[in-house]
1. Leu155: in contact with a helix residue (DSSP H, G or I) (Cβ under 9 Å, 6 or more places away or on another chain), without any contact (Cβ under 8 Å) to a residue 24 or more places away in the chain and either surrounded by 14 or more Cβ atoms within 10 Å (Cβ to Cβ) or within 19 Å of Asp92 (Cα to Cα) (or both), yes or no?
2. Hey, among Leu138, Leu118, which residue is in contact (Cβ under 8 Å) with a residue 24 or more places away in the chain, closer than 22 Å to Lys169 by Cβ and out of contact with any Lys or Arg (no Cβ under 6 Å at 6 or more places or on another chain)?
3. Check the stretch 56-64 and report whether any residue there is assigned to a helix (DSSP H, G or I) and at pLDDT below 95.
4. Tell me, please, whether a residue that is surrounded by 19 or more Cβ atoms within 10 Å (Cβ to Cβ), β-branched (Val, Ile, Thr) and modelled with pLDDT of 95 or more can be found in the stretch 97-116.
5. Any residue at all in the stretch 33-44 that is part of a helix (DSSP H, G or I), open to solvent by 20 Å² or more (accessible area, probe 1.4 Å) and either within 27 Å of Gly178 (Cβ to Cβ) or touching a His at 6+ places or on another chain (Cβ under 8 Å) (or both)?
6. Is it true that some residue in the stretch 87-94 is open to solvent by 60 Å² or more (accessible area, probe 1.4 Å) and either at pLDDT below 90 or in contact with a strand residue (DSSP E or B) (Cβ under 7 Å, 6 or more places away or on another chain) (or both)?
7. Anything in the stretch 131-183 that is in a strand (DSSP E or B) and among the charged types (D, E, K, R)? List them, or say none.
8. Give just the number: which of (1) touching a helix residue (DSSP H, G or I) at 6+ places or on another chain (Cβ under 7 Å); (2) at pLDDT below 85 does His162 not satisfy?
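The values are calculated or read from the model by the stated rules, or taken from the named source; none is laboratory data. These numbers were taken from a predicted model, which means no experiment stands behind them. Glycine gets a Cβ as well: all are built from the backbone with ideal geometry, and neighbour counts include every protein chain shown. The area values use the complete protein model at the heavy-atom level, side chains included, leaving out ligands, DNA and RNA. Shrake-Rupley method; radii C 1.70, N 1.55, O 1.52, S 1.80 Å.
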Amino acid sequence: MADRGSAIDASAGATAEAARWQGLAPVHAPDAHWLLLGSFPGVASLRAQQYYGHPRNQFWRLVGDVFGADLAAMGYPERLTALRAHRVALWDVITETERAGSLDSAIRHPAASDLGRLLAQLPALRVIGFNGGTALRLGLRQLGPLAARYRVLGLPSSSPAHTMPYDDKLRAWRQLAGPLNDL
């Protein structure tokens, strides 16, 4: 996985209030059956160069509970290895944006990720899960007719800002483990 950096683009005159951020590279193996797409990493994740790096984000716990692995207890490199072993790919629908803070509502001037290019690298892909409403809305727009080839799931956000009880989130996320041949 190439490190694309997360530095603030000072040459563009970005300020601390509205910094231009570069997202993270996709995590995948060619045999992935599931693709989980978020909107764009929060500041804590970008600084750590780790997907879902905020300690209160429930992503690793949710995915671990769905696939039967204690991802939350693992170090970050081991989490990524476990995702690949469970045939799960990970990326965001936005590859770079201006944003003050970490809320999706603060995203300005987003650049779309090349989802079509990623999908072409994942011939075994069957399910696309969107982590939160922003990811779902933007991702479906980006995928267009390609979305019909996959089982598409809108999932409640794993963000600590989305205050739904964990058990309710997990119930929705368990849809990921449903049958792969529903297409």
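1. Numbers: in contact with a helix residue (DSSP H, G or I) (Cβ under 9 Å, 6 or more places away or on another chain): yes; without any contact (Cβ under 8 Å) to a residue 24 or more places away in the chain: no; either surrounded by 14 or more Cβ atoms within 10 Å (Cβ to Cβ) or within 19 Å of Asp92 (Cα to Cα) (or both): yes.
Criteria not met by Leu155.
2. Working: Leu118 fails: closer than 22 Å to Lys169 by Cβ.
Selected residue: Leu138, the only one of Leu138, Leu118 that is in contact (Cβ under 8 Å) with a residue 24 or more places away in the chain, closer than 22 Å to Lys169 by Cβ and out of contact with any Lys or Arg (no Cβ under 6 Å at 6 or more places or on another chain).
3. Applying the first criterion (assigned to a helix (DSSP H, G or I)) to the stretch 56-64 yields 59-64.
In the following step, the residues that additionally are at pLDDT below 95 were identified as none.
No, the conditions are met nowhere in the stretch 56-64.
4. Scanning the stretch 97-116 turns up no residue that is surrounded by 19 or more Cβ atoms within 10 Å (Cβ to Cβ), β-branched (Val, Ile, Thr) and modelled with pLDDT of 95 or more.
5. Filtering the stretch 33-44 for residues part of a helix (DSSP H, G or I) gives 43-44.
Within this subset, residues satisfying the condition of being open to solvent by 20 Å² or more (accessible area, probe 1.4 Å) are 43-44.
Checking the rest, the ones that are also either within 27 Å of Gly178 (Cβ to Cβ) or touching a His at 6+ places or on another chain (Cβ under 8 Å) (or both) come to 44.
Yes, the conditions are met somewhere in the stretch 33-44.
6. Our first condition is that a residue be open to solvent by 60 Å² or more (accessible area, probe 1.4 Å); within the stretch 87-94, this holds for 87.
This time we only want the ones that are either at pLDDT below 90 or in contact with a strand residue (DSSP E or B) (Cβ under 7 Å, 6 or more places away or on another chain) (or both), so: 87.
Checking the stretch 87-94: at least one residue is open to solvent by 60 Å² or more (accessible area, probe 1.4 Å) and either at pLDDT below 90 or in contact with a strand residue (DSSP E or B) (Cβ under 7 Å, 6 or more places away or on another chain) (or both).
7. Let us first name the residues in the stretch 131-183 that are in a strand (DSSP E or B), namely 131, 151-155.
Across the stretch 131-183, the qualifying residue is only Arg151.
8. That leaves (1) as the condition not met.
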